[in-house]
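The values are calculated or read from the model by the stated rules, or taken from the named source; none is laboratory data. No experiment lies behind these values; they were computed from the predicted model shown. Positions of Cβ are backbone-derived with ideal geometry, glycine not excepted, and every protein chain shown enters the neighbour counts. Areas reflect the complete protein model, heavy atoms only, side chains present, ligands, DNA and RNA absent. Shrake-Rupley method; radii C 1.70, N 1.55, O 1.52, S 1.80 Å.
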Amino acid sequence: MTINQTVAAKATSGKSLKVFILRTLLVVLIMYVHYLSVMQGASPRYFQQIWGLNNHVMNEQISLLPGDSDSTNRTANKRRTLHVIQCLSGNSTDFIDEWEINLKSVLINSPIDSNLRVHIIADDKAYTAVKERLELSELALSRWRNELTITVNNVESKIEEWRATLSSILSGGSANQRSSGWFDRKIGIGGYFRLFAYKVILEYTEKQSDKGLHSALYMDTDVVVISNLNHFQRAMDKIQFEYRNNPEIHQVDDPSLEKEFPLITWRENSGFMAMDLTNFDRFWNGLESLSHLKNSTGKTSDQLLIGVYQNRFSRDIATLPDEWFVHIGHGYRRLPQALFDRHQKAGFLHFTGYHSSYFSPPGIIKYCHQAKGCNQNDLAPGGDVDKFDRTWGRADHYTKLTWTWVRYQGGESRIAHGDEGYEARVELRTV
């Protein structure tokens, strides 16, 4: 063996030894992290997520050591954010009570794997009422598994501008008797806030880096969330994946119409829908191009506007799955909302059809009283009233929750073992 061959053999041997040592250390590290995950009650799925073995990781980045409570270190491992939008106008006690119950249900079911940011769009009266309720909730003193931020926006100064935008699109902006003929007084100006919310939210969020803004969730105050919002995010991930890979979506002549995310994801009820806030100018630009709207007569609600947009720009719209499409309406509607005799999963319950609150006397059971398919006198076990209580009636739980229980059940009790959690933040803004 020559000197060169001897040196080469030693180099190869040394390299092999280094590889062996590195592999051994890697195995030890894997076993150690697995040990930590087991000690903290994590599932095998969690272990897969740490090593990137799962293609549908819920977090944008996940800390290698989940027990690390150093908030400084965790800043670099920021999780994805679910954005929830609530819109309020006026300070009716029943209405503010509904909003408070809705917020409690959102917080109790805040996503296990994501940060949560709640955006409240309110006129002056609602802003004052919400501020008082949040002070009483003592949320600012609570700690949560993930980052929780509630931002209350007083948009009183924007209302006339928004009303003018609507008037321009729906009546040509004239000052005559037709200029306000479109206005639906039943829902009030607050009913249109959801269509302008993006203008406010994008002022203080990270438009370029926050992917959660592509699927911000709007819900009415009479919605009660009853399942963890983790699944809503998973459902949206699937919807967006299918949307991006649907060739029909991108077969358009105008390149500007090509989109990575659906603009609106709903099922013909604007009380619960996802919106791509970063591109929502497209909605108003699209409506502006529809000249027939300016010649329309009669009331035009926010829901009708979205329906008009969908009819013309169907490629911008995606559909929610059954679990996230549960609206009781005026009596029981056709499937999938008729939970009564079906083993259907439900992510939320939406109570509509009453001018008063859904929990006003005699309570939620009044929906059984008005429904053709529900016999309010059938009190036997397994009867109609029992079946109602086991489905729609489950919302009653959230109407009775105290803030102490919300802070504990939704926040403190879910903080990972060995972690300190995050202090909730409440922000007040005047636009």
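Below are the figures for this structure:
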{"read-out": "R0 of 35 Å, Cβ-Cβ distance ASN246-THR93: FRET efficiency to nearest 0.05", "value": "0.15"}
{"read-out": "Where TRP403, TRP99 fall by accessible area, highest first, once all protein chains stay in place (1.4 Å)", "value": "TRP403, TRP99"}
{"read-out": "Separation of the ALA416 and ILE112 label points, Cα + 7 Å toward Cβ, nm", "value": "1.3"}
{"read-out": "Under Karplus coefficients 6.51, -1.76 and 1.60, residue-wise ³J(HN,Hα) of the stretch 138-146 in Hz, glycine/proline x", "value": "6, 5, 5, 9, 9, 10, 9, 4, 10"}
{"read-out": "Contour excess over end-to-end distance, with Cα ends at SER356 and ASP322 and 0.36 nm allotted per residue", "value": "9.5 nm"}
{"read-out": "Residues whose placed amide H lies under 5 Å from that of VAL118, excluding near-sequence neighbours", "value": "VAL84, THR149, ILE150, THR151"}
{"read-out": "In order through the stretch 365-373: 3J(HN,Hα) via Karplus (6.51 cos²θ - 1.76 cosθ + 1.60), integer Hz, x for Gly, Pro", "value": "4, 4, 6, 5, 4, 8, 7, 5, x"}
{"read-out": "Gain upon complete extension [LYS125, ALA164; 0.36 nm per residue less C-alpha separation]", "value": "11.9 nm"}
{"read-out": "Fully extended contour minus Cα-Cα distance, from ALA380 to ARG234, at 0.36 nm per residue", "value": "48.7 nm"}
{"read-out": "Computed E for TRP405/LYS345 - FRET, C-beta separation, R0 25 angstrom, nearest 0.05", "value": "0.55"}
{"read-out": "For the stretch 382-422, accessible area per residue (1.4 Å probe, heavy atoms of protein chains only), Å²", "value": "53"}
{"read-out": "Label zone at LYS372 (point 7 Å along Cα-to-Cβ), backbone N below 17 Å, the stretch 299-330", "value": "328-330"}
{"read-out": "Filter on LYS207/LYS238; LYS186/LYS400; LYS104/LYS125; LYS158/LYS199 - keep pairs with C-alpha separation over 19 Å", "value": "LYS207/LYS238; LYS186/LYS400; LYS104/LYS125"}
{"read-out": "Span from the the stretch 356-431 Cα centroid across to the the stretch 222-239 one, whole angstrom", "value": "16"}
{"read-out": "Of all accessible heavy-atom area on the stretch 102-234, the percent that carbon and sulfur account for (1.4 Å)", "value": "45"}
{"read-out": "HN-Hα J in Hz across the stretch 227-238 - Karplus 6.51, -1.76, 1.60, θ = phi - 60°, x for Gly and Pro", "value": "9, 5, 6, 3, 5, 4, 5, 4, 4, 5, 4, 5"}
